[in-house]
Every structure is written in structure tokens, then in C-alpha cells.
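One structure is given here, and the rest of the page talks about it.
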Amino acid sequence: MSTTAFETASPDRALRIGLWTAQGLIFLVFTSAGLVKLLTPIPELAAMMPWAGQYSETFVRCIGLIDLAGGIGILLPALTRILPRLTVLAALGCTVLQVLALAFHISRGEAPVTPLNVILLALSLFVLWGRGRKAPIAARQF
């Protein structure tokens, strides 16, 4: 097997592919979680996420809006190259959200649900670092 394909791929290209992949994964997870929290009736949501039935509907729906905004913000500005720095801010917001989610779940004794939060935290930090320092997206020139 030849390693020519691996040798010709630059580290910058691999980094960009990794960043787009991370952004796509964060987009899928955050937007789907946000839509579920926004559109699912609270009794059904509480069956999936017990905490949702123990807090006000307003709180649950606000978390859904935050998830949705983070998911859209992590991908859309970079993809369209319109205000791409918003992607960095969205990555920062997703990072903070995951730290808070970890603290929330651990304080409630829900440690078994935290691995997803840890993965999302790592992906968010990667995008924050990558899009903020190593491979920023240039704004579109109109």
C-alpha cells in the first residue's frame, strides 16, 4: 500500500478537514438537541431527560434555544463566510455551555450522562482554538 496520499496531504489541510468535521458534528448534535427541547412536549421530554420534568418549561425551552443557536452559529457563519468570527464566539458559547452542563449533571448525580458533554466540550475547544488561531475563515468580500 502506498503512502503517497498521506504524504501529499499537508498538516494545514488535515487541520481544516478536522475542523469542518468537528463543526459538522457539533452542528448536528446541538441543533437536534435544541429542536427536541423546543418541540417535544414536556411530559415526553421528561421521559427522555428526567431533569426536563423537574424544571420550568421556560428553562427547558431556553436551553433548547441556546443549543439551537450554538449549533447554527458553529457552522453557518463559517460556511457562508459572512461574519465568520461568529463561529469562534459560538465555539466559546458551546464550550461554556458544556462546562455548565457537566457541573449541572454531576451536581444531580447524573455522571453516566456526562461522556457526551465531555466529547462536545473537547470538540468545542478544538473549534475555538482552530478557528480562532490556526485556521480562521476569511470573511467574504462584497
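The values are calculated or read from the model by the stated rules, or taken from the named source; none is laboratory data. Keep in mind it's a predicted model, so treat the numbers as computed, not measured. When we count neighbours, we look across all protein chains shown, and the Cβ atoms used for this are built from the backbone with ideal geometry, even at glycine. Ligands, DNA and RNA are stripped out before the accessible areas are found, and what is left, the full protein with its side chains, is counted by its heavy atoms. Shrake-Rupley method; radii C 1.70, N 1.55, O 1.52, S 1.80 Å.
State the answer as a single residue: which of 92, 106, 63 lies farthest towards the positive end of the charge dipole of the chain, with beta carbon charges of +1 for Lys and Arg and -1 for Asp and Glu, about the Cα centre. Final value for the positive-end residue is 92.
Counting only protein heavy atoms and a probe of 1.4 Å, the accessible surface of the chain is 71% carbon and sulfur. Scaling against 2.2 N^0.38 Å puts the C-alpha radius of gyration of the stretch 1-101 at 1.38.
The sum of -39500 (n - 2.57) across all DSSP H runs of n ≥ 4, divided by the residue count of the chain, sets its helix-only mean residue ellipticity at 222 nm to -24500 deg cm²/dmol. Ranking 54, 79, 31 by how far each Cα lies toward the positive end of the dipole of the chain (charges on Cβ) leaves 79 at the top.
For the chain, the solvent-accessible area of protein heavy atoms averages 60 Å² per residue (probe radius 1.4 Å; ligands and nucleic acids excluded). Residues in the stretch 131-139 carry Karplus couplings, in order, of 7, x, 10, 8, 9, x, 8, 7, 5 Hz; the curve used is 6.51 cos²θ - 1.76 cosθ + 1.60 with θ = phi - 60°, and Gly or Pro positions show x. Can you tell me how the stretch 85-142 classifies by the Cα gyration tensor, rounded, prolate or oblate, using a/c under 1.5 as the rounded cut? Prolate shape, in that a/c is at least 1.5 and a/b is the bigger ratio. Using alpha carbons only, the radius of gyration of the stretch 13-52 set against its Kirkwood radius gives Rg/Rh = 1.26. To the nearest ten degrees, helix 11-39 and the longest principal axis of the Cα atoms of the chain are 20 degrees apart. Each Lys and Arg Cβ is given +1 and each Asp and Glu Cβ -1; about its Cα centre, the stretch 1-138 then shows a dipole of about 460 debye.
With Cβ to Cβ distances under 12 Å as the rule, what net charge do the other residues near residue 35 carry (K, R +1; D, E -1)? Summing Lys/Arg as +1 and Asp/Glu as -1 gives +1.
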